[in-house]
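K.L.:
First, the structure itself, so that you have it in front of you.
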Amino acid sequence: MGGLKPVRVWDLPVRLGHWLLAGGFILAWLTGDSEEWRLIHVYAGSAAMAVALFRVGWGFIGSHHARFSSFVRGPAAALAYLKSLGSLSPRHYTGHNPAGGLAILGLLALAIATGASGWLAYQELYGDWVASLHESLSHLLLALIALHLAGVAAGSLAHGENLVRAMITGRKQGATADDIRHSRPLAAVVLLVWVVAASWWLAQ
Ligand code: HEM
Ligand code: HEM
């Protein structure tokens, strides 16, 4: 990584959103089975879905590395990246790599679909099959998260770069021109207000 230095890559909405999404998912997962914890489950799952919905919008208007146009590539680019991981000089991306980019689309889509089916089950619309669909989608999401974590571990090892810390600090190795310069704190406040309002509304 000669010539690269730490630059700002992940804006505040990306980082705050990520950890809210992860926390919401974990809490929803732990409380899904229990009637007693149902309301907590609904709030946590709704918060996760609200973050994912926000993230889709942010993928169009967010800072450079948050935009889908900067990291969504086809399956061929994802495969080429995965192959390069096994080589001595794996290809380094300042933002998301192409394999991670595909996983991110799947994670967001599944978080939204799981949340939406959960809401339909909560409203007791459409009968039992919606509850089974909700359960199946949540299992698919869990499987993709396992793949996501394996990808994060592999990418961190291959590049000698702690990607989890980068998702906290917002900084990765990159060229000065890749620095996003603004961390968009105001949009992070909008995200928080949106998540609270949407979760409250979905739990009615
Ligand atoms: C990412 C978000 C979510 C995850 C991972 C998740 C996961 C789960 C899991 C694992 C179960 C247990 C299924 C079973 O064993 O029967 C469950 C049940 C349930 N969830 Fe969620 N859920 C999420 C979001 C939501 C949301 C947003 C709502 C409502 C607004 C919701 C409402 C329900 C209800 C009503 C049940 C009970 C269904 C039944 O068996 O009657 N969930 N969820
Ligand atoms: C708690 C365990 C988790 C850890 C340590 C973790 C770590 C990370 C890291 C390091 C990245 C950045 C990857 C990169 O550098 O390209 C990332 C991105 C992402 N993760 Fe996770 N993750 C976790 C759980 C989750 C869960 C549970 C979900 C979904 C429900 C999730 C969804 C995402 C998404 C959507 C992104 C893209 C971030 C963005 O651009 O907004 N993660 N994660």
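K.L.:
For ARG8, what residues show an amide H to amide H distance below 5 Å, using hydrogens built from the backbone and excluding near sequence neighbours?
P.N.:
Long-range HN contacts for ARG8: ILE180, ARG181.
K.L.:
Using the alpha-carbon atoms, what tilt in degrees (0 to 90, nearest 10) does helix 38-61 show relative to the longest principal axis of the chain?
P.N.:
40 degrees
K.L.:
Return the loop-located chymotrypsin sites (Phe, Trp or Tyr not before Pro) in region 112-196 (DSSP other than H, G, I, E, B) with at most 13 other Cβ atoms within 10 Å of their own Cβ; answer none if there are none. Spell out each step's value before the answer.
P.N.:
On the way: sites: TRP119, TYR122, TYR126, TRP129, TRP194; in loops: TYR126.
Filter output for region 112-196: TYR126.
K.L.:
Something else about it: Indicate the gyration tensor shape class of region 143-204 (rounded, prolate or oblate), computed on the Cα atoms with a ≥ b ≥ c the square roots of the eigenvalues: a/c under 1.5 is rounded; otherwise a/b larger than b/c is prolate and the rest oblate. Mind dumping the intermediate values first?
P.N.:
On the way: a/c = 4.23, a/b = 1.42, b/c = 2.98.
Since a/c reaches 1.5 but b/c is at least a/b, the shape of region 143-204 is classed as oblate.
K.L.:
Taking N as the number of residues in region 81-200, what is its Cα Rg relative to 2.2 N^0.38 Å?
P.N.:
1.35
K.L.:
Pop out the ³J(HN,Hα) list for region 181-190 in order, Karplus 6.51 cos²θ - 1.76 cosθ + 1.60 with θ = phi - 60°, rounded to Hz; leave Gly and Pro as x.
P.N.:
With the stated coefficients, region 181-190 comes to 6, 10, 9, 6, x, 5, 5, 5, 5, 4 Hz.
K.L.:
Do any trypsin sites (Lys or Arg not before Pro) in region 132-192 lie in a DSSP loop with no more than 16 other beta carbon atoms within 10 Å, and if so, which?
P.N.:
On the way: sites: ARG165, ARG171, LYS172, ARG181; in loops: ARG181.
When the trypsin sites (Lys or Arg not before Pro) of region 132-192 are filtered for loop state and at most 16 Cβ neighbours within 10 Å, ARG181 remain.
K.L.:
Right, another one. Classify region 1-70 as rounded, prolate or oblate, taking a ≥ b ≥ c as the square roots of the eigenvalues of its Cα gyration tensor: rounded when a/c is under 1.5, otherwise prolate if a/b is larger than b/c and oblate if not.
P.N.:
Details: a/c = 4.24, a/b = 2.31, b/c = 1.84.
It comes out prolate by the Cα gyration axes.
K.L.:
Would you give the gap between the C-alpha center of region 60-117 and the C-alpha center of region 178-204, rounded to a whole Å?
P.N.:
After rounding, the separation between the Cα centres reads 22 Å.
K.L.:
I need the calculated FRET efficiency for the pair ALA175 and ASP128, taking r as the beta carbon distance and R₀ as 45 Å, to the nearest 0.05.
P.N.:
Values: r = 54 Å, r/R0 = 1.20.
So, using R0 = 45 Å, E works out to roughly 0.25.
K.L.:
Sticking with this one: Which value does Rg/Rh take for the chain over its C-alpha atoms, Rh per Kirkwood? Don't skip to the end; give the middle numbers.
P.N.:
On the way: Rg = 17.9 Å, Rh = 17.9 Å.
Rg/Rh: 1.00.
K.L.:
Name the chymotrypsin sites (Phe, Trp or Tyr not before Pro) in region 26-65 that are in a loop by DSSP and that have at most 16 other C-beta atoms within 10 Å, would you?
P.N.:
Counting only loop positions with at most 16 other Cβ atoms within 10 Å, the chymotrypsin sites (Phe, Trp or Tyr not before Pro) in region 26-65 are TRP37.
Bear in mind that the values in this text are calculations on the coordinates, not laboratory data. Owing to the predicted nature of the structure, the values given are computational and were not obtained by experimental measurement. Don't worry about glycine lacking a Cβ; one is built from the backbone with ideal geometry, like all the others, and counts go over all protein chains shown.
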